[in-house]
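Taken together, the values in this text are just the output of simple stated rules run on the coordinates, not laboratory data. Since this is a predicted model, take the numbers as computed values, not measurements. Note that each Cβ is placed from the backbone with ideal geometry, even for glycine, and that neighbours are counted across all protein chains shown.
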């Protein structure tokens with residue numbers, strides 16, 4: 001495998017061992033999509049990695065990624081063997097995406113206490129901003145699309161928040177957003193627009209329909 005590769009997308013292949021990737025010392029972006037690999041230890045020495053996406057895999061432990069000094073973005077989609085309670089302390093991580101319908105709200109009590117700037121937790125049973133409390137002073141972007149939130153109470157404490165993305169949710173009162181001094185954009189689906197429009201005259205942020 002060519003050692004100068006910087007980006008690699010490996011998808012739907014009968015690959016059971018990713019040891020050859022350990023030679024890709026220039027690798028910055030890696031996506032592993034639906035491959036039958038459980039062991040990520042060959043990635044442990046790839047200090048240039050900045051972004052890793054794991055999709056529909058049998059990966060069990062993320063520990064090999066924890067010490068990567070440039071890993072700023074991690075995305076996990078549909079990997080049921082990864083236990084959120086066992087997430088290691090990714091002290092360099094700034095952006096985290098978790099998407100899997102089988103995760104329940106109790107998993108999020110164990111999210112790593114790191115200064116995340118972007119957090120996407122979608123299609124889950126989570127229903128309270130309590131689970132995001134470690135990021136009150138750092139979070140800039142939050143996506144809670146498809147969660148069980150029925151109220152935005154508690155979001156007032158996230159003073160650095162600039163963007164929030166919502167959809168497929170039963171939110172009718174958007175007034176708590178008015179207390180966020182740095183909020184720039186609120187993304188909502190068409191079904192939420194009428195309720196969001198009720199605060200438009202008082203809002204200094206943009207309401208965007210997607």
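Residue exposure proxy: 188, 37, 209, 12, ordered by other Cβ atoms within 10 angstrom of their Cβ from fewest to most, comes out as 12, 209, 37, 188. Listed from fewest to most Cβ neighbours within 10 Å, the set 9, 51, 135 follows the order 9, 51, 135. Which three semi-axes in whole Å describe the equivalent ellipsoid of the chain, each the square root of 5 times a Cα gyration tensor eigenvalue, listed largest first? After diagonalising the Cα gyration tensor, the semi-axes are 35, 17, 16 Å. Rg and Dmax over the alpha-carbon atoms of region 118-210 stand at 11.8, 32 Å. Using C-alpha pairs below 8 Å separated by at least 6 residues, the relative contact order for region 1-82 is 26 percent. In plain terms, the residue of 89, 33 with the fewest other Cβ atoms within 10 Å comes first and the most crowded comes last, giving 89, 33. Relative contact order of the chain, taken over Cα pairs closer than 8 Å and 6 or more residues apart, is 10 percent.
Here the spin labels are modelled as points 7 Å beyond Cα on the Cα-Cβ line, and at residue 156 and residue 202 they lie 1.2 nm apart. Per-residue ellipticity at 222 nm, computed for the chain from helices alone with -39500 (n - 2.57) per DSSP H run of at least four residues, works out to -1000 deg cm²/dmol.
Each part reduced to its alpha carbon centroid, region 191-209 and region 103-171 end up 19 Å apart.
Taking square-rooted eigenvalues a ≥ b ≥ c of the alpha carbon gyration tensor, is region 12-91 rounded, prolate or oblate, where a/c under 1.5 means rounded and, failing that, a/b exceeding b/c means prolate? Cα axes put region 12-91 in the oblate bin.
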